[in-house]
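This report concerns only the one structure given below.
The values are calculated or read from the model by the stated rules, or taken from the named source; none is laboratory data. As the structure is a prediction and not an experimental result, all values here were calculated from the model. FYI the Cβ positions are ideal-geometry reconstructions off the backbone, even for glycines, and counts take in every protein chain you see.
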Amino acid sequence: MKDFAHLLSRNTVSAAIAAMLSCAALSHGQSVPASATTTPTFREVTDEVGRSVRIPQPVNRIVSLAPSLTETVYALGLQDHLVGDTDYCDYPADAQKKTKVGGAISPSLEVIASLHPDLVLVTKSFNRLETVHSLDNLGIASYATDPHTLDEIIASSKKLSEILGVPEAGASVAADMQRHLADLQKRLGALPPKRVLFVVWTQPLISVGKDTFIADALRHAGAVSIVDAEQDWPQVSLEEVARLQPDFLIFSASHSDAVSPAVDALAALPGWNIVEAVNNRHIAVISEAVNRPAPRIVSAVEDLARQLHPDAFVEKPENGKENLQKENPPANPPPAAHSSFSPDASQAQLVTPGGCA
């Protein structure tokens, strides 16, 4: 398979394909968009994996093929331009009302084409090269993101806002994220980080590698993973976890009520009673936003920091009495994986329970 960064966009659509799509729309009683009958203008940009992409201007119709990109579109205030997304795009709630194009691994190209998008948004960690190649053959522009750190998530959101024609919204979102992260750094900078195990899957036990955006999120929350692996989704043995003895285990879930029974049952699973954090109930449960490289991830980082370092959020008012500071509003309203542009089915299974990417 050719490296995705060297895949060049095809800039010409055959007249036969254009005619076929137009006829299909008319046969179903649909009107052909104005962009199909007029000569559009284009802007050429380089996406985050190095492709040169010609994007119709303005971008009025967007399809998102990843939950993180759907969230970013909403954060930028462009939800009315989002005409389709995936089955996994569940936040905010309104995203569930959009036309569904199927899963991220094998979306329906027929449905995507019927939506006449100006641009399809994809992410290297969640979508396949074959999907991008097929969109290219249909003359549908796609733009790929690939952030690996919180700083890159901020930069990615800002660049996407410029491409979509709302740079002011992107600058505002970026500034808000940076402000919250700067406040965390001020509070946590002098504290020793907690040694943690981020649990992606329990059987087999899978965590995150040191070069993923989740590992970077842990660092911003005043934590460091005990797993020092080059792989994005390393499998870890319980014996190794017991040897390293993390201070906390961290889980992500859409609803903490749903994950609590599973966490409580950990001690009863074979071998887990040798992990002191399990016996001591040193377990943090945070939003699945930590799995998605989108602006809302900052809210999950703040939540984790409060659970790991509660004393850092105690304020002393003028009367001298200590009170917990009221929680700052999150960078976005509160609610991947990460190795190549073509994750296999097992990787997809690992990320989708938490709504990754």
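For segment 276-293, name all the residues that are over 20 Å from residue 209 (Cβ atoms) and not basic (Lys, Arg). Steps first, please.
Applying the first criterion (over 20 Å from residue 209 (Cβ atoms)) to segment 276-293 yields 276-283, 285, 287.
Those that are over 20 Å from residue 209 (Cβ atoms) and not basic (Lys, Arg): 276, 277, 278, 279, 280, 282, 283, 285, 287.
Residues that are at pLDDT 90 or above and under 24 Å from the mean Cα position of the chain (by Cα): list the helices (runs of 4 or more DSSP H) wholly contained in segment 261-357 that include at least 2 such residues. Spell out the reasoning first.
Details: elements: 276-279, 297-308, 345-351.
Per the criteria, 297-308.
Mind checking which pairs have a first residue in segment 88-101 that is under 16 Å from residue 75 (Cα atoms) and a second that is among the aliphatic types (A, V, I, L, M) and in a helix (DSSP H, G or I), Cβ under 9 Å, 6 or more apart or different chains?
Within 9 Å, the pairs are 89/69; 89/95; 91/289; 95/73.
Report yes if some residue within segment 195-202 is crowded, with 23+ Cβ neighbours inside 10 Å, under 25 Å from residue 101 (Cβ atoms), touching a Phe, Trp or Tyr at 6+ places or on another chain (Cβ under 9 Å) and not assigned by TED's automatic domain parsing to the domain that holds residue 114; otherwise report no.
No; the residues of segment 195-202 include none that is crowded, with 23+ Cβ neighbours inside 10 Å, under 25 Å from residue 101 (Cβ atoms), touching a Phe, Trp or Tyr at 6+ places or on another chain (Cβ under 9 Å) and not assigned by TED's automatic domain parsing to the domain that holds residue 114.
Run residue 193 past the list (1) at pLDDT below 95; (2) under 29 Å from residue 146 (Cβ atoms) and report the number of the one that doesn't hold.
It is condition (1) that residue 193 fails.
Testing residue 73 on (1) at pLDDT below 95; (2) surrounded by 17 or more Cβ atoms within 10 Å (Cβ to Cβ), one condition comes back false. Which one is that?
Unmet for residue 73, out of (1) at pLDDT below 95; (2) surrounded by 17 or more Cβ atoms within 10 Å (Cβ to Cβ): (1).
Take segment 148-168 and flag every residue that is in a helix (DSSP H, G or I) and surrounded by fewer than 18 Cβ atoms within 10 Å (Cβ to Cβ).
If we filter segment 148-168 for residues that are in a helix (DSSP H, G or I), which is where we start, we get 150-163, 167-168.
Matches in segment 148-168: 151, 152, 155, 162, 167, 168.
Residues to consider are 214, 226, 206; find the one that is within 20 Å of residue 290 (Cα to Cα) and surrounded by 22 or more Cβ atoms within 10 Å (Cβ to Cβ). Break it down into steps so the answer makes sense when it comes.
Details: 226 fails: surrounded by 22 or more Cβ atoms within 10 Å (Cβ to Cβ); 206 fails: surrounded by 22 or more Cβ atoms within 10 Å (Cβ to Cβ).
Only one candidate passes the filter, namely 214.
Here is a yes/no grid of residues against (1) under 15 Å from the mean Cα position of the chain (by Cα); (2) more than 24 Å from residue 58 (Cβ to Cβ); (3) assigned to a loop (DSSP other than H, G, I, E, B):
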{"position": "74", "(1), (2), (3)": "yes, no, no"}
{"position": "84", "(1), (2), (3)": "no, no, no"}
{"position": "88", "(1), (2), (3)": "yes, yes, yes"}
{"position": "91", "(1), (2), (3)": "yes, yes, yes"}
{"position": "96", "(1), (2), (3)": "no, yes, no"}
{"position": "104", "(1), (2), (3)": "yes, yes, yes"}
{"position": "110", "(1), (2), (3)": "no, yes, no"}
{"position": "113", "(1), (2), (3)": "no, no, no"}
